[in-house]
Amino acid sequence: MSIEVRSLSKRYGRTWAVRNLSFEVQPGRVTGFLGPNGAGKSTTMRSIVGLDRPTSGEALIGGKRYAQQPAPLREVGTLLDAKSAHRSRRAVDHLRTVAATHGISRARIEEVIGITGLESVATRRAGAFSLGMAQRLGIAVALLGDPHTLILDEPVNGLDPEGVTWIRELLGSLAAEGRTVFLSSHLLAELALVAEQVVIIGRGELIADAPIAALTAETERVRVRTGQLEQLLRLLAADGVQATSLTPDTADIVGLPVDDMARRAAASGIVLLEIAPIHRTLEEAYSELTREAVEYRAGLTEQDAS
């Protein structure tokens, strides 16, 4: 089942949190949802699962609104607030309570406890959980109904390195099974390891909806290190390349393929100590795309109004 957001708009008073937003999340891959603080990410996710009513437009899951799903937990698993479990309730009892609403078996409860690594803390009260353990409990709830679609808001927050690796592998395996996986994250380097597609919004409007490979493709940058850097740059200047010196013997060069650069250097007797292509990262592409959409900057109070 795909997630379809169609001309979605949501206004609070005079403020538009989301405006005329449209995109589609396809099954069989992990799709990241990105945007600066205040971009409208949480409002969009809440609208998809029926917690916010759009001012106009709609959000559909498998062609239906969330409220129209006959058994929502068996169709859509969500994690929007890692601390939503009642503080005084044991983790296993929280799972049992949620499972009872859809007739989900105790065997499935034990299964998701194992999947999320909660065995040793299942009888501990949720209020005593660290953020990382609360995230695992929230993911366990999302997985309870063995849903086809997963919608997760910042699922990596609070996880230790082992937990980050675990969630990456889990989401990748679920997508490989043909499920729809949609998650927001501020950890762009980590997201780039698991997501194939990203949807980027800013100030409530769509900025990009594209494969990560397309966003990170650019004119190839080449990093060179040589004791003859000035001579090399003079040689390449005639070809219209752009060079940024990093150290007296190292520079990043744009505008000439790495093989051509190496051949020209060799023909001129320039010894290259290092030469390697450098590709744009997702973080660099994201920063460039959202530069004009950042609402809160350093020196101001940051409040995530998304």
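The values are calculated or read from the model by the stated rules, or taken from the named source; none is laboratory data. Owing to the predicted nature of the structure, the values given are computational and were not obtained by experimental measurement. Virtual Cβ from ideal backbone geometry, glycine too; neighbours counted across all protein chains shown.
Go through region 75-114 residue by residue and tally those that are in a helix (DSSP H, G or I) and either in contact (Cβ under 8 Å) with a residue 40 or more places away in the chain or among the hydroxyl-bearing types (S, T, Y) (or both). Final tally of qualifying residues: 7. If you go through region 85-104 and keep only what is charged (D, E, K, R) and surrounded by 12 or more Cβ atoms within 10 Å (Cβ to Cβ), you end up with R89, R90, D93, R96. Residues considered: G117, G138. Of these, the only one that is surrounded by 20 or more Cβ atoms within 10 Å (Cβ to Cβ), small (G, A, S) and either assigned to a helix (DSSP H, G or I) or in the same structural domain as E24 (by TED's automatic domain parsing) (or both) is G138.
Selection of strands (runs of 3 or more DSSP E) fully inside region 210-287 by the criterion of at least 3 residues being surrounded by 15 or more Cβ atoms within 10 Å (Cβ to Cβ) and in contact (Cβ under 8 Å) with a residue 24 or more places away in the chain returns 221-225, 250-254.
Taking the listed residues S173, S184, the one that is without any contact (Cβ under 8 Å) to a residue 12 or more places away in the chain and either under 19 Å from G77 (Cβ atoms) or not assigned by TED's automatic domain parsing to the domain that holds P27 (or both) is S173, with no other qualifying. Would you confirm whether or not region 180-202 contains a residue that is more than 32 Å from the chain's Cα centre (by Cα) and part of a helix (DSSP H, G or I)? Checked against the condition, which is being more than 32 Å from the chain's Cα centre (by Cα) and part of a helix (DSSP H, G or I), region 180-202 yields no hits at all. For region 31-74, give me the residue count where each residue is among the charged types (D, E, K, R), closer than 16 Å to V18 by Cβ and outside any loop (DSSP other than H, G, I, E, B). Final tally of qualifying residues: 3.
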